[in-house]
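Step one of this worksheet: look at the structure below.
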Amino acid sequence: MTTLPTAFGLAGWSGSGKTTLVRALIPALVARGLRVSTIKHAHHDFDVDRPGKDSYEHRAAGAGEVLVSSARRWALMHEHRGDREPTLDELLAKLAPCDLVLVEGFKGETHPKLEVHRPSVGKPRLAGEVPGVVAVASDEPLDGDGLPVLGLNDVAGIADFILDYTGLAAAHRAPGAPGAAGQGG
């Protein structure tokens, strides 16, 4: 049986700052010694390839999977060809071993999530409507309705929250922070 990596999500409406926060959290978590991967849910018609490239032409010709490899990286493209979209757990099982997977999107899945909420976007809160919301990050003070509320720009505080929530804190607290490995806390 395969053990899935620890997943923690960020969910919010378009324009709320999810991608900006993920981009800030990755280096903050990597600096703490974590191996971090990400999964992002995209619109149904996205493509990482383009016409004229050999890999695109292979897929256009009907290949179910195309793996492109170089000395720097490799990428596997899989065409659903009428099959259902995989679940988050199925996608997590495809990743190489890591400490934490930050998941952007996948609102309907039950993994724990931080709701990224900007009142200025004019959209309703997700907590209570979306499964797994365990805290809220906002750029304005708000009532968390019983959930912790974190400052959207407090990347270190959000990283600490994720590490505490997932149980990864003991080994990966920021160097020199209270409770960090070797700090006697």
Report, in degrees rounded to the nearest 10, the 0 to 90 angle that the Cα long axis of helix 18-30 makes with the longest principal axis of the chain. 80 degrees
Fraction in percent of alpha-carbon pairs per bin - 10 Å, the chain: 8, 31, 32, 20, 8, 1
About the Cα centre, and with charges only on the beta carbon of Lys, Arg (+1) and Asp, Glu (-1), how big is the dipole of the stretch 1-131? Nearest 20 debye, please. 600 debye
GNM on the chain, Cα springs under 10 Å; top mean-square fluctuation among Pro131, Pro86, Pro51 goes to Pro51
Name the most mobile residue of Asp49, Asp89, Asp99, meaning the one with the largest mean-square fluctuation, in a Gaussian network model of the chain with Cα contacts below 10 Å. Asp49
Given a 1.4 Å probe, the accessible area of the chain per residue, as a whole number of Å², is 59 Å²
What's the longest bit of the chain with no exposed GluC sites (Glu not before Pro), using DSSP loop states and at most 15 other Cβ atoms within 10 Å as the test? 1-78
What is the calculated FRET efficiency for Ala171 to Leu95, with r their C-beta to C-beta distance and R₀ = 30 Å, to the nearest 0.05? 0.95
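Fully extended, how many nm does the chain gain between Ala31 and Val68 (0.36 nm per residue separation, minus their Cα-Cα distance)?
Details: separation 37, 0.36 × 37 = 13.32 nm, distance 2.94 nm.
Between Ala31 and Val68, full extension yields 10.4 nm more.
Pop the C-beta distance of Ala75 and Asp139 into the FRET formula with R0 = 35 Å and round what comes out to the nearest 0.05.
On the way: r = 34 Å, r/R0 = 0.98.
Rounded to the nearest 0.05, the efficiency is 0.50.
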Could you tell me what percent of the accessible area of the stretch 90-133 is made up of carbon and sulfur, with a 1.4 Å probe and every protein chain present? 53 percent
Report the residue, chosen from Lys94, Lys113, Lys123, that carries the largest GNM mean-square fluctuation when the chain is represented by alpha-carbon nodes joined by springs under 10 Å. Lys94
The stretch 1-80, Cα convex hull volume normalised per residue, Å³: 179 Å³
In degrees rounded to 10, the 0-90 angle between helix 155-166 Cα long axis and the longest Cα principal axis of the chain is 80 degrees
Taking R0 as 35 Å and r as the Cβ-Cβ distance between Ser55 and Thr110, the FRET efficiency 1/(1 + (r/R0)^6), rounded to the nearest 0.05, comes to 0.55
Dividing the Cα radius of gyration by the Kirkwood radius, what Rg/Rh value follows for the stretch 50-98? 1.02
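The values are calculated or read from the model by the stated rules, or taken from the named source; none is laboratory data. Note that the coordinates shown come from a computational prediction; the quantities given were computed from them, not determined experimentally. Note: ideal-geometry Cβ built from the backbone for every residue, glycine included; neighbour counts use all protein chains shown. The area values use the complete protein model at the heavy-atom level, side chains included, leaving out ligands, DNA and RNA. Shrake-Rupley method; radii C 1.70, N 1.55, O 1.52, S 1.80 Å.
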